[in-house]
Amino acid sequence: MNTNMKRVISGLAALGIALSGMALGTSSAWAGGESGKPVDIPAGNITIGAEGKGTIAISGSEIEHRFNGYRLGYLTSISYNQIDDADNASMSGYTLATNQDYKDAIETALAAIKDSKAKVDADKAKTLKERYLADKNYCGSECDATGAPNPLGWFFENYGDGYENDSNWGGDAKDGSSASVLRKFATEVSKALSTAEATYFGDNALKVDEEGQEVSQGYYLLRDVTSLGDNNETQSAPILVSSTYVVTIGENEVTFNKDAQDRDLGAAYLKYSAPTITKEVVTDETGATAQGQPDYAVGDTVYYKLTADLPYYTGYATPGRVYQITDTASKGLTVGNDAVVSVKVTAIDGSEDPEQILSATTDYTVKTETSADTVAEAYKGGQTTTIDFSNYVNCSDKSVSAGENGKILEGGTITVIFKATLNTNALISDNGHMNGNPNKDSLTYSYQPENVSEAHTTPSDEVNVYTYRFRLHKTDKGGKDLAGAKFVVSTPGETSKWLKWDADNNKWGSADSEVDATVFTSNDKGEVVATVGDTTVNLDRLDSGKYTVKEISAPTGYTQAFLPTFTFTITPTMGSEADGHKTITNVTFSAKDAVKSAYVTDASAITTDGIDQNAWQYTIYNAKNLTELPMTGGAGLVAIIAVGVLLAGAGTAAAVRSRKSNSRAVRI
């Protein structure tokens with residue numbers, strides 16, 4: 001045997017590691033099946049031809065991936081122990097030869113790799129190609145006339161038992177790019193073959209097929225050439241995999257589908273990711289509780305939680321990896337420079353890796369600009385915020401993923417707490433006319449291992465927040481509009497606090513006393529509005545809840561005694577969605593309640609100038625004197641006053657009579 005051409009590697013280490021380190025030990029549907037073919041074949045060795053057949057089964061995706069298959073090498077002999085099942089035979093050793101069609105590509109890959117953990121110190125500074133060329137057993141720089149260069153055989157004798165077999169597909173403990181020399185080899189040989197003609201391509205390309213596809217026996221590199229379109233998957237990292245081997249021993253056809261460590265041959269599991277992003281409204285900056293009722297007043301802070309998957313970066317070049325979250329807020333939401341409250345990365349379930357807290361500038365950057373969405377009306381004039389995680393996914397200096405102890409928690413989850421403020425452009429909801437203020441996100445990420453600048457974008461769900469309004473109208477008893485009545489209005493649910501308009505920041509605030517509250521005054525049309533500086537303020541963009549309306553001054557000519565007060569409640573109707581994703585399907589305005597010293601109508605729909613849908617209004621009238629006060633409300637005020645007058649009169653008359661009686665008595 002010419003050792004320059006081929007060499008037996010005991011234990012089938014190379015092929016076995018290619019599967020356990022690269023394909024996660026995935027078993028195929030046919031490997032190790034229950035129904036075998038009993039035989040009694042003693043241990044031995046068999047020479048096989050390059051034209052022999054085998055199978056490769058690819059699994060791990062619900063959508064069809066297509067692979068160009070490159071037959072890097074093939075076996076010329078197999079050693080085996082006792083065989084009892086012809087359908088499930090195991091090897092004990094093999095002889096591997098390089099496919100000369102791909103020799104140059106393999107040597108190019110070896111030239112790009114150094115092994116900093118080489119057993120011999122002098123080898124650490126050398127490329128693998130330099131070491132291979134120096135090894136005459138594999139036909140190095142001076143190949144003799146009877147042999148052929150065998151770089152693949154050299155590589156697998158030296159690196160078949162890679163020292164990080166348990167890492168993800170041979171991925172790096174830090175960034176997925178190069179934990180094992182085996183993974184470096186897969187990446188580099190894939191690059192070198194990018195323009196070469198594959199053994200299987202086009203109509204004959206290998207596909208996801210758990211049953212297995214027939215191929216020429218040998219050792220393969222699989223390159224994903226799938227056009228993913230709108231599917232939110234990445235292409236698979238390059239896969240190194242051995243086929244099974246179907247040979248004839250005596251009169252028996254035997255399938256070798258196990259290596260010496262009983263690991264599957266001919267089984268490849270896709271090395272891909274399917275990143276998604278979700279968005280929900282939460283109650284506060286901790287993000288711990290999903291919001292069950294997403295309605296707000298102008299100036300309120302709305303908190304969102306964005307959750308996105310991190311891809312696996314096995315085989316992905318760096319720098320240049322793309323990973324971005326883009327938030328698009330509608331025009332009713334203002335996004336400030338401090339919109340990103342916090343960012344953390346959580347490892348995949350079962351991992352012992354600690355949670356990572358990411359920092360602005362070192363791990364990610366934030367950029368906010370006017371939204372480019374000119375199609376959806378709600379988003380016109382809104383804002384787009386891009387959170388760019390390039391520093392983190394490329395292990396840039398000072399990122400938590402960089403340095404000796406740095407690491408990308410690939411396959412884990414990034415959680416962003418994001419905030420926005422409801423502003424005066426927010427769409428208002430009325431009974432029967434609901435208008436949400438939407439917010440949406442998308443995730444953009446590299447999806448081609450060898451072309452990381454190519455990025456795919458997948459959207460999140462859209463979530464909405466809501467806000468309301470009401471109107472007050474002032475008249476006399478006959479329905480004539482009255483100007484000059486003054487009111488204060490409580491904050492919802494807190495009668496001890498009162499609405500106060502913050503003109504500097506265009507938002508609602510609160511005052512502890514009526515004296516400091518915003519005063520709303522009826523105009524010539526009876527409309528109750530406030531003037532704060534140069535701004536006319538309506539009772540717009542308010543939260544739901546119970547409100548108290550209190551008149552603090554009657555119009556000129558109307559009694560200042562017994563000024564009216566009443567309450568009512570704005571109540572939303574919630575949709576059936578889960579908390580965090582709730583829609584509000586309607587809003588109602590309750591009947592008047594706790595009426596004091598006033599005639600008040602229940603809310604009714606109105607249409608006034610500047611209102612393009614029905615607002616809901618409460619009408620209050622003032623009395624000129626006590627006789628115009630209502631018989632109801634204020635506990636029958638007029639009746640009480642009348643009785644009081646009569647009693648007062650009776651008391652006066654009795655007193656007069658008493659004085660007269662006393663006078664007569666004195667005279668007697």
For this session: Could you pull out every residue, at least 5 positions away or on a different chain, whose amide H is within less than 5 Å of the one on LYS407? Hs are placed 1.01 Å off N in the peptide plane, and Pro or chain starts have none.
Result: SER401, ALA402
Problem set entry | Over the range 43-102: Kirkwood hydrodynamic radius from C-alpha pairwise inverse distances, Å | 14.1
Exercise. Hey, how many Å between the Cα centroid of the range 469-547 and the Cα centroid of the range 203-229?
Worked result: 71
Problem set entry | Estimated vicinal HN-Hα couplings, Hz - the range 498-509 in sequence order (Karplus 6.51, -1.76, 1.60; Gly, Pro = x) | 10, 4, 9, 7, 8, 5, 5, 10, 6, 7, 7, x
Exercise. Setting aside same-chain residues fewer than 8 positions from LYS500, which aspartates and glutamates have a Cα under 17 Å from its Cα?
Worked result: ASP300, ASP512, GLU514, ASP516, ASP534, ASP540, ASP543, GLU551
Exercise. Using 18 Å as the cut-off for backbone N distance, which residues of the range 198-218 belong to the label zone defined by a point 7 Å from the Cα of SER227 along Cα→Cβ?
Worked result: 201-208
For this session: Extending each Cα 7 Å along its Cβ direction at THR457 and THR276, get the distance between those two points in nm, one decimal.
Result: 2.1
Problem set entry | For the range 291-325 versus the range 403-433, the gap between their alpha-carbon centres in whole angstrom | 6
Exercise. Taking amide hydrogens as modeled 1.01 Å from N in the peptide plane, which residues meet the under 5 Å criterion relative to ASN423, leaving out close sequence neighbours?
Worked result: GLY299, LEU333, THR334
Exercise. If you put +1 on each Lys and Arg Cβ and -1 on each Asp and Glu Cβ, how big is the dipole of the range 313-408 around its Cα centre, in Debye rounded to 20?
Worked result: 280
Exercise. Local charge sum around ARG541 (other residues, Cβ-Cβ under 10 Å, Lys/Arg +1, Asp/Glu -1)?
Worked result: -1
For this session: Determine the per residue accessible area of the range 336-382 with all protein chains present and a 1.4 angstrom probe, expressed in square angstrom.
Result: 63
Problem set entry | the range 267-334 - percent of accessible surface contributed by carbon and sulfur, probe 1.4 Å | 46
Seminar exercise, completed: With x for Gly and Pro, the residue-by-residue ³J(HN,Hα) of the range 448-453, computed from phi through the Karplus equation 6.51 cos²θ - 1.76 cosθ + 1.60 at θ = phi - 60° and given in whole Hz, is 10, x, 9, 9, 5, 6
Exercise. Rounded to the nearest whole Å², what accessible area per residue is found for the range 454-598 with the 1.4 Å probe?
Worked result: 45
For this session: Starting from the eigenvalues of the Cα gyration tensor, five times each then square-rooted, give me the equivalent ellipsoid semi-axes of the range 194-255, largest first, whole Å.
Result: 29, 13, 10
Exercise. Modelled label-to-label distance, SER510 and ALA118, 7 Å Cα→beta-carbon offset: nm?
Worked result: 7.2
Seminar exercise, completed: On the accessible surface of the range 508-626, probed at 1.4 Å with all protein chains in place, carbon and sulfur together account for a percent value of 47
Problem set entry | Segment THR289-ILE348, length gained on full extension (0.36 nm per residue, minus Cα span) | 19.1 nm
Seminar exercise, completed: Placing one equal point scatterer on each C-alpha of the range 205-323 and summing with Debye, one gets log10 I(q)/I(0) at q = 0.18, 0.20 Å⁻¹ equal to -1.03, -1.14
Exercise. Assigning unit charges at the beta carbon (Lys, Arg +1; Asp, Glu -1) and nothing else, what dipole magnitude in debye, to the nearest 20, does the range 543-599 show about its Cα centre?
Worked result: 240
Seminar exercise, completed: Expressed as a whole-number percentage, the relative contact order of the range 401-466 with C-alpha contacts under 8 angstrom and at least six residues apart is 26
For this session: Please report, in Å, the Rg and the Dmax of the range 283-393, where both are computed over Cα atoms only.
Result: 16.2, 49
Problem set entry | FRET E, pair LYS497, GLU355, Förster distance 35 Å, beta-carbon r, rounded to 0.05 | 0.35
Seminar exercise, completed: Of the candidates PHE589, THR607, ALA517, the farthest towards the positive dipole end of the range 504-613 (Lys/Arg Cβ +1, Asp/Glu Cβ -1, centred on the Cα centre) is PHE589
For this session: At 0.36 nm per residue, minus the direct Cα-Cα distance, what do THR601 and ASN405 gain on full extension? Give it in nm, one decimal, please.
Result: 63.5 nm
Exercise. What percent does the relative contact order of the range 479-613 come to when contacts are Cα pairs within less than 8 Å and at least six residues apart?
Worked result: 20
Exercise. Which residues' amide hydrogens lie under 5 Å from the amide hydrogen of GLY212, considering only partners 5 or more residues apart or on another chain, with H built in the peptide plane?
Worked result: ILE58
For this session: Among the aspartates and glutamates, select those whose C-alpha is under 13 Å from the C-alpha of LYS305, and discard any that sit fewer than 8 residues away in the same chain.
Result: GLU280, ASP284, GLU285, ASP327, ASP441, ASP461, GLU462, ASP579
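The values are calculated or read from the model by the stated rules, or taken from the named source; none is laboratory data. Being a predicted model, the structure only gives us computed values, none of them experimental. Here Cβ is always computed from backbone atoms with ideal geometry, including for glycine, and neighbour counts include all displayed protein chains. Accessible surface is based on the protein model in full, side chains and every heavy atom, while ligands, DNA and RNA are left aside. Shrake-Rupley method; radii C 1.70, N 1.55, O 1.52, S 1.80 Å.
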